[in-house]
1. Could you tell me the extents of the range B:233-331's C-alpha atoms along the three principal axes, largest first, rounded to whole Å?
2. Report, as an integer, the average count of C-beta atoms from other chains found within 10 Å of each Cβ along B:288-295.
3. How crowded by other chains is B:480-486, given as the mean number of beta carbons from other chains within 10 Å of each beta carbon?
4. Among B:Val234, B:Val196, which comes first, then next, by fewest other beta-carbon atoms within 10 Å?
5. Do the sum for chain B: with -39,500 (n - 2.57) for every DSSP H run of n ≥ 4, divided by all residues, what is the mean residue ellipticity at 222 nm, to the nearest 500 deg cm²/dmol?
6. Net charge around B:Gln493, counting only other residues with Cβ within less than 12 Å of its Cβ (Lys, Arg = +1; Asp, Glu = -1)?
7. If contacts are Cα pairs under 8 angstrom and at least 6 residues apart, what is the relative contact order of the range A:440-509 in percent?
8. Within the range A:534-558, name every residue whose backbone N is under 20 Å away from a label modeled 7 Å from Cα of A:Ser472 along the Cβ vector.
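Any read-out appearing in this document is the output of simple, stated calculations on the displayed coordinates, not a laboratory observation. These numbers come from a predicted model, not from an experiment. Glycine gets a Cβ as well: all are built from the backbone with ideal geometry, and neighbour counts include every protein chain shown.
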Amino acid sequence: MKQGTPARPRAPGALMRAIRFLGGHKRTTAIAYSALIVATLAQLVVPVLVQNMIDTVTLASQTGGDIRTAEGLVFNAAGLILLFALLRGAFSFVQAFMAETTSQGLAFDLRNAIFAKIQRLSFSYYDRNQTGQLMIRATDDVERLRTFIAQGLVLAASSFLLLTGALIILAFTNLRLTFVVMPLLPIALALFIFFGRVSQPLFAVVQERLSALNTILQENLAGLKVVRAFAREPYEEQRFDVAATNLMAQQLRINQVFSFLFPVIFLVAQLGQVAILYFGGRQILGGTLELGGYQKFSLYLTYVFVPLGQLGFIITLVAQASASARRIFEVLDAQSEIEDKPGALPLPLLNGRVEFRNVTFRYLGTGDPVLKEVSFVAEPGQTIALLGATGSGKTTIINLLPRFYDASEGAVLIDGHDVRDVTLDSLRSQIGIVLQETNLFSGTVRDNIAFGRPEATEAEVEAAARAAAAHSFIAAMPEGYQTKVGERGVTLSGGQKQRIAIARALLLDPRLLILDDSTSSVDLQTEATIQQALDTLMEGRTSVVIAQRISTVLRADQILVLDQGRIAAAGTHAELMEHSPIYAEIYHSQLVKETNL
Amino acid sequence: MMMGGPGGPGRMLNTETERPKRVGVTLARFWVYFRPWWYAVVLTMILLVLSTVMQVLTPGLIGQAVDCYLLPNATACWYGTVDPAATFEDRAAGLGVIVLLLTGLFVGGSLLQGLAFYSMNWAGQRALRRLREDTFAQIHRLSLGFYTRNEAGNIMSRITSDTDTIQQVLGFALLSVVSGIMGIVFTMSAMLFANVPYALVSLSIVPLMAWATFYFSGEARKAFRKSRREMGSVNAGLQESISGAREVQAFSREAESIEAFRRANAANRDANVRAASFTSALNPVLEALGYVAIAIVVVVGSLSLLRNQPLFGTTVISVGLIFAFIQYVQRFNQPIQQIAVLWTNIQSAIAGGERIFGLLDEQPEIVDAPDAVVLPQIKGQVVFEEVQVAYQTGTLVLKGVSFVTKPGQMVAIVGPTGAGKTTIINLIPRFYDVLKGRVTIDGYDVRNVTAASLRSQIGIVLQDAFLFSDTVMNNIRYGRLEATDEEVIAAAQLASAHAFIERLPDGYQTVLGERGGGLSQGQRQLIAIARAALANPRILILDEATSSVDTRTERMIQQAFDQLLEGRTSFVIAHRLSTIRNADLVLMVKDGQIVERGTHEQLLALRGDYYALYMSQFHGEEEPQAA
């Protein structure tokens, strides 16, 4: 079994990949950037407009006598600037709004992609990764990336445009002075690259340390009672303090870099201004430059320096967004080791013959095998009961059938098809599963029962619930089958959840059934009800059952006694009672007898 | 002026915004966190004032260069009269001096800005760390009752997102707002100093700018409130998909759940786009108003000039003043735009602070009494005297429960769900307080001793074993932090956990997934039992601790328990007859009261509630020979 530990995507590449997602939003991107070009180039007109006002006022003040003409000139100039304000405002708005819209679309795409990926990742991925970590990627990291697309990228584009436009105007105004400014650009570029390189890993570490801090927080909230029961508050506080201090230290490291970076970038721009004053001044004194020409030049100089000043901000956004993009693509690129083979065929309608052929399994591909060369055959309609201690491999056998994991060696066959050769959908949709721990999803009770068959009718849902002995407690709930459950709804007890899971499996009417008949955390009356429901469920289907109850064992066509990953004994109840001392011992001392007759 | 910073303006428009209610109080409480580093805050302010002054000086200096040296007919400047006959070298040298001065100002100004940024963050990050630590400590101070009223997930997201919002504002935003305000004050004073009525007319646009800021950020706030709700569904969907991945895959429901997520996600996107229409409008509107201000300056100034009419009785506006005011207005607009954009940010930071302080103000119901003593080494006599406990709603959960246990006794508590069994055991480590009556251990009322000394002598194994994402070794060691590896392994052996731990990929050093992921429920339970065994408590509480392990494992645990329970007082909520039969005292709880008590045999002989329960539930469980 090859494990999907993906190579870490390179950060700049990851950011480029994220930007390529804009391809899915061509229209809004095009509008945003067209508006951006107009709005940015319009900025270059501002000095002309202001100069025009100054000239108008000067001219008007010199037009002796004719006040009306002079006032007319002033009003015209003022009108012009108001018109400009209106147009530039409109284009700026369109640009900002469209860029936001695009970025929201991109975030939407990324979240959907992450969600879809999470749905399809194999179970071993969840054994290795924490919910909190995945959540941070889908929310915080996506938001950072979105911010970059909405603002950072736009800012970079407009800065570049402004810089280029201003330089062209400067070159036409005074080529010699322009050459004085030019050396600033490579310096600024070098700074940009240097600080980008330095700060990007720093931001990645911040995200890591923030996750670590949040993990402690989350664990302490979830394990509140344990912490208190052991009076470990001081220990946990100390652990948290260490994490908080680590995070702070990293923030301060970034702080150091930026306390240096920002002044340096501004200084570069300001020193450019000083250089122009000195060299331009010497040209004026030497008679090769008019004062007016110098003033016009220095007006446009601002448009070179403002974008340079934005560099620091752009660097921050690029660095944060690259770190986040890399973390997002780590999830999106994670290889799910359980995937449809190329050319996998749908599994035909099941008869229900199950075969394990020399199956060995190791978690995460390493360590001692938890299953060692397990072989058995279940004919259609048979019940296989799995017995054994915790950790003997019962759950693993159950997990291999719907291909939640792949066998490390050997093969699992259903109706003669290797489960790895058929499509996951066709395989899993024909297997009904009732687990010991049942997760309910936000939605109504009805939705949860119809989980495997959303199109089921109300009558079918209710019939399944009745057969699962769930109808009476559902009917007693405030809104019956329409009662909301899950994260934001009514909390159900363990026993109620389990009955809903049974109803869910019944509704699916599968040929092959996998179940864990141990009933956890319910009182005894409920346990008896659940037992009956399970018996109904198993009738006439191939069932692989982790058995706790004598009735299951007595009825089983084959009992597999597992011990440390091996089949220690196999056979029917009668056979085993005769030949297997381990089984006889388990039978006499440990199985729970039926309580309701 | 600084243009950006880590978490600078880029993140500001989209942070969820909320209007703070008690700004003054909240700011004062923030200050408490800054107070230990007040000198850094004062230093920052001094540095900011100095660098702003330097910034204000530079345009004047450039003007001097033009006036003194570059104008052919320059006659007067700041240090006296210029000789019109000065040579090229003289003028170039003078220009050189000014250029050097400018360089000095720029270098100095940058240095000061860098230092201000550094010292602000230095203090800010320290304040934030302390705020985080206080919040964390508060989590454990609050009693369990708080968490039944408030969902842990909500508290979590409140703490993380609120501190994040504050963090965003602390460094850059605060600095640029402060330096922006200084810039505005300087410019305003200069304008008012030059000509009061002209300044007032030029500034007449400012109230409009303020209105625009309030209007757009108010509308955006409303839109963001909706987006926040939608974001809640997005997060819930994600959370479910991660924790319920097994079910989703088992039922091949990927396509449907992706579709459902897509809908929640789309609703969130649409709410955000709506909010964006307001946030995107703010800046262009303010910029346009800035141009309107220029137009006003020019028109009003020129009319006064042309008509030779003084403005409200002051002097006639001169050409020079119009030019100066055009510059002032331009210099004025930039910080206003910046502050306006940061405004929503600062508001949400204050609102976030308000929520965090709200959490910090929450009064823990269970606190050590001022004169609480350290509970000495106990023998383990637990006495309940007429104990009553009520829910928040006032309904009584326990209606006068009394019992006495001798040290070393094993007490089994049986009864239907909701009878109050868990409530009884929660009172012993004082997770909740009684309404009436009292709970004593060795004669000490649990309310009169420190919680730490009480709980450290009580071992608890809960129904839902909680494990940390750490190594198996450290998870067991949680019971007694100073235990050696050998002691940990011995405890694991006692709890029958050693065998399966050895088979894990890295043995005791295997790092467990979240909440013990990768282990079966039974295995997790065994580790939790080993943890309690290691703590070596005098009193042991088992809350249906063996309900989720298979019967064979349960028997092994039972044997471990028999050793573990030896000489300790123990309370067991059990569903299995074998446990109950071993108990020295069985308490039959029904409807918040102990209805029957005694040994198993005594209770059977009573032929009451216990007998009925036994007949319906346990009878079949018994060994034929034992019956």
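1. Largest to smallest, the principal-axis extents are 88, 18, 17 Å.
2. Mean shielding by partner chains, rounded to a whole number: 6.
3. On the way: counts 1, 4, 0, 0, 0, 0, 0.
That average works out to 1.
4. Ranked by crowding around the Cβ, least crowded first: B:Val196, B:Val234.
5. Computed mean residue ellipticity for chain B: -19500 deg cm²/dmol.
6. Net local charge, B:Gln493 excluded: -3.
7. Values: 91 pairs, mean separation 34.9, N = 70.
Reported relative contact order: 50 percent.
8. A:534-537
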